[in-house]
């Protein structure tokens, strides 16, 4: 059932990791929407400078046809271990048209790669006009780069339930396409995605979000939904009664299968999110 627009703007519950919330909170508040941070995923490092997998990935830099970064956190937790002298060498190679391509699924990851020092000429992503920001859209842009076999490093995270902490977890679709084209994907988990600590600040934010029937929850990850379900316990029906704006159809499908009757899909672009919030 589609709910009619509200006369008063709803509170927008931003569930991104804490360090990613501020930009969206500021944008929503500036547009007249009350906004609340409820980080449903806690991001922590998965390795240190001595990690063998990390050192292998860095030392093999020239061997990679491409390096795919699944998120801004993948960029942040990979490049934090790159020494300035090493980055300068990479930038010199990129300036000569050499070195691996850097793949990003969305605009946020694109910006993170720029900030890390990767020239835009060596970054591939679906583009502003893409209907979705995901591996499938990225593949339409980069598949020709594997017309001959090569090695692709896929930098990602892992959850607390992952058994392989080196390779991490997540969708393997793009890696499977690499294999189908004769190339070799190598996975490196550089961060962990955990359930947030239930401290006083989180408890207060949870109470405000959960008890406000007009709140709209902004969901950018299926794992955020899984964490919310784990936290809510027996009151799951009250959670799924909220409207949810999801940044991919897969996330919305997960919400609907869990019982959410009002799950909307919108790309993670602030102007488009605001338009959706005004319409629902």
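Bear in mind these aren't lab numbers, they're just calculated from the coordinates by the rules spelled out. Please read all numbers here as calculations on a predicted model, not as lab measurements. Every residue, glycine among them, receives a Cβ derived from its backbone with ideal geometry; neighbour counts consider all protein chains shown.
At a glance:
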{"item": "Count of residues meeting criterion [assigned to a loop (DSSP other than H, G, I, E, B) and on the phi < 0 side of the Ramachandran plot] in region 86-144", "result": "16"}
{"item": "Total residues in region 251-280, condition without any contact (Cβ under 8 Å) to a residue 60 or more places away in the chain and either surrounded by fewer than 18 Cβ atoms within 10 Å (Cβ to Cβ) or in contact with a helix residue (DSSP H, G or I) (Cβ under 7 Å, 6 or more places away or on another chain) (or both)", "result": "17"}
